[in-house]
1. Name the residue farthest towards the positive end of the dipole of the protein assembly as shown from the options A:93, B:149, A:222, assuming +1 on Cβ of Lys and Arg, -1 on Cβ of Asp and Glu, about the Cα centre.
2. Show the residues, 5+ positions off or on another chain, whose built amide H is closer than 5 Å to the amide H of residue A:187.
3. Take a quick pass over region B:71-166 and tell me how many lysine pairs come in under 20 angstrom between Cα atoms, counting only ones 8 or more apart or on separate chains.
4. With a 10 Å Cβ neighbour count serving as the proxy for reagent exposure, in which order, fewest first, do A:16, A:59 appear?
5. Out of A:240, A:171, A:41, whose Cα points farthest toward the positive end of the dipole of chain A (charges: +1 Lys, Arg; -1 Asp, Glu; placed on Cβ)?
6. Averaged across A:282-289, how many Cβ atoms of other chains sit within 10 Å of each residue's Cβ atom?
7. Among A:192, A:177, A:229, determine the one that fluctuates most according to a GNM of chain A built with springs between C-alpha atoms less than 10 Å apart.
8. For residue A:141, give me every one of the lysines with a C-alpha distance below 19 angstrom, ignoring sequence neighbours fewer than eight places off in its own chain.
Amino acid sequence: MNPRRFQYHSPRTLGDALVMLEKYGEEAKVLAGGQSLIPMMKLRLLQPEHVIDLNNIPDLSYIEDRRGSIAIGALARHSDLERSPLIREKLPIIGEAAEQIADQQVRNLGTMAGSACHADPAADWPAVLQALDASFVVRGKDERVVPATQFFRGPFDTVVRQGEIMTEIDVPVPQGDRVGQTYLKFERRAGDFATVGVAAVVCVDGDGAIASGALALSAVAPAAYRATDAEKIMEGKKPTQRLIEEAASAAAAPSSPASDLRGSAEYKKEMARVFVRRALKTALERAGVKL
Amino acid sequence: MPEEKIVKKISVQVNGTAYASEVEPRLLLVQYVRETLGLTGTHVGCDTTNCGACTILMESGGEWKAVKSCTLFAVQADGRKLLTIEGVARGDELHPVQNAFWENHALQCGYCTPGMVMASLGLLARNGSPTEEEVRKGLSGNLCRCTGYQNIVKAVLSASKDIKEKRLPVIP
């Protein structure tokens, strides 16, 4: 399968890339890892006249400790995140999610920023980054910082405007002595998109109560979402099986999955509940809670 | 859409040999390797990033990484080093991974084999002593429709031992 003809641009600086993006407007697409863009071009779902490849811009692959948060550059690959000791230490949920994305070959090229901008409703990063209260640095004529929770608008739709490039993702490291985090993905076959994905990050206080619990779900709504009702149910409470059940039901309630080859809408909604329950249990156990 | 055919000059090093070519930006790396360079050992299976038959290695930041060459444009390989199945053996001497595939009967029809071998090299370059589970996960991007996975996994585990014992380089 061949994409339509296009002109290829390989800017050496971010500034040059932005100038090109401005010049070619909606005829241009930005290429990072290409693991979503190129398949879509081959299927001719996308037919850009200009492709602006970011891969020759130096210094965009960083994963940096910024004291209290981790900054991830636009060209950091899933495999970089999977293998980063800094990520394993400070944000293990990111390492755990990275290794569940697609396969070795795709992870060697695909990027977190590219996945966020592509905004596939079944992608893994949108849920993980929302649960972590990450924010995205987006640069056009000016630079702006958008919280992950306000970034995704619907299937393949984000707040990134024409002429803008996501340059960095900032992820605050959850604070507290007893933090537990997990990304639990239910996939029908190896390397598939999620049937449902659940990101859970909990902080437990000195009395064993849930100081804060963040939950986000992917693949069961037009865009990944934070389960704020479920979070409110948990806040300040001692974790019990019953509380977990209640939170799981509340988290699945706003889901609106579509029936497809991965299952019926009814089945997926039930799996959303089941996987929130399991993810919460794992996160709490990792925070040192005995259930 | 640009009507006129636009070509870009690229230079790549494939299996140690330097090539300079003019390519259309939309030319996929797998087509470049197979049709322009004539290295047809790399196969096209699904052409949709699923099956891994087109897997080759690309050097990036001093590391060799397995990539699916149906999901990269040839222009993206400009200035880079590539390794395809043709560059794995040394003359008549098989690479330990190839040898292990032979010894363990890790192929039936053979269509997926070049991709399996390249993905195995990518895995072993990163992790010289993988567990069985790590091998299975590492090769999850490669499909074998003869379902010969058991023997493929055995072969990779056996090759990893062989490479360690004989202190051989994973990447030739």
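1. In the protein assembly as shown, that residue is B:149.
2. Those lying under 5 Å, H to H, from residue A:187 are A:195.
3. On the way: B:137/B:154; B:137/B:161; B:154/B:164; B:154/B:166.
Lysine pairs meeting the criterion: 4.
4. Numbers: A:16 14, A:59 8.
Ascending number of Cβ neighbours within 10 Å: A:59, A:16.
5. So the residue we want is A:240.
6. On the way: counts 0, 0, 0, 0, 0, 0, 0, 0.
Across the residues of A:282-289, the mean count of other-chain Cβ atoms within 10 Å is 0.
7. A:177
8. A:23, A:29
Bear in mind that the values in this text are calculations on the coordinates, not laboratory data. As the structure is a prediction and not an experimental result, all values here were calculated from the model. Cβ coordinates were reconstructed from backbone atoms using ideal geometry, including for glycine residues, and neighbour counts include every protein chain displayed.
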